[in-house]
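The values are calculated or read from the model by the stated rules, or taken from the named source; none is laboratory data. None of the values given here were measured: they were computed from a predicted structure. In this analysis, Cβ positions are derived from the backbone assuming ideal geometry, glycine residues included, and neighbour counts consider all displayed protein chains. Each accessible area value is taken on the protein alone, full model and side chains, heavy atoms only, with ligands, DNA and RNA left out. Shrake-Rupley method; radii C 1.70, N 1.55, O 1.52, S 1.80 Å.
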Amino acid sequence: MQRSISNQKSLTPFLYVALFVLYEGLSSIYLFLPPLLGVLFFLFLEAFKKENLLSIVLVVFSILVYESEKGYLLFSTVIYFALVLKFILPKIEQNFNCKVCTKVSIILLAYIGFYFFTSILSSIFLLPMPSISYYVIYYIVIEFLIVSIL
């Protein structure tokens, strides 16, 4: 009995990743489904805070699925998230005492900051400039609600 419960717990993160892969395909078809970039950023930060290797690998795999589905450069999101984790997030946590403010800034950094990061990459590598639409505001609000629940 105890063994089957531990097997179910060890398979749960893989089930979440498989569901995310299916969801990501659906979010490109139906625009009302947010792409969950902010949630991935939040999970990336939590995995590094807990120093859990399995969580880090699964979140990075999910980010790579997101990148390949959206057509971004390989590992660009991971590099951006790592730079924000190392340089920007400590300053945000130092200046903001409330958790809600930190979560809002995490979601804003995930979308708006990543847009500016890809703009810089596109100008360096002479790629077409990324576009941004008004759906991003909707995605920010929805993902802030999701991250608030987590």
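Quick one: grab the alpha carbon gyration tensor of the stretch 15-58, order the square roots of its eigenvalues as a ≥ b ≥ c, and give me rounded if a/c is under 1.5, else prolate or oblate depending on whether a/b is larger than b/c.
Judged from the Cα gyration tensor, the stretch 15-58 comes out oblate (a/c at least 1.5, b/c at or above a/b).
Which loop-located chymotrypsin sites (Phe, Trp or Tyr not before Pro) does the stretch 47-149 contain, where loop means any DSSP state but H, G, I, E or B and the Cβ has at most 10 other Cβ atoms within 10 Å?
When the chymotrypsin sites (Phe, Trp or Tyr not before Pro) of the stretch 47-149 are filtered for loop state and at most 10 Cβ neighbours within 10 Å, Phe125, Tyr134 remain.
Hey, which lysines would be in cross-link range of Lys99, C-alpha to C-alpha under 29 Å, not counting anything within fewer than 8 residues on its own chain?
Lys9, Lys49, Lys50, Lys86, Lys91
Shape of the stretch 13-150 from its Cα gyration tensor (a ≥ b ≥ c, root eigenvalues): rounded if a/c is under 1.5, otherwise prolate when a/b > b/c, or oblate?
rounded
List the GluC sites (Glu not before Pro) in the stretch 37-77 that DSSP assigns to loop (not H, G, I, E or B) and whose Cβ has at most 13 other Cβ atoms within 10 Å. Which are they?
Answer by residue number: Glu51.
For Ser133, what accessible surface area do you get with a 1.4 Å probe? Give it in Å², rounded to 10.
Using a 1.4 Å probe on the heavy atoms, I get roughly 60 Å².
Roughly how many percent of the accessible protein surface of the stretch 93-137 is carbon and sulfur, given a 1.4 Å probe and a whole-percent answer?
70 percent
Please identify, among Leu126, Leu89, Leu45, the residue showing maximal mean-square fluctuation in a Gaussian network model of the chain using a 10 angstrom Cα cutoff.
Leu126
For the stretch 1-92, what does the alpha-carbon gyration tensor say about shape, rounded, prolate or oblate, given a ≥ b ≥ c as the root eigenvalues, a/c under 1.5 as rounded, and a/b over b/c as prolate?
It comes out oblate by the Cα gyration axes.
Over the chain, what is the relative contact order in whole percent, taking alpha-carbon pairs under 8 Å and six or more residues apart?
With pairs under 8 Å counted, the relative contact order is 27 percent.
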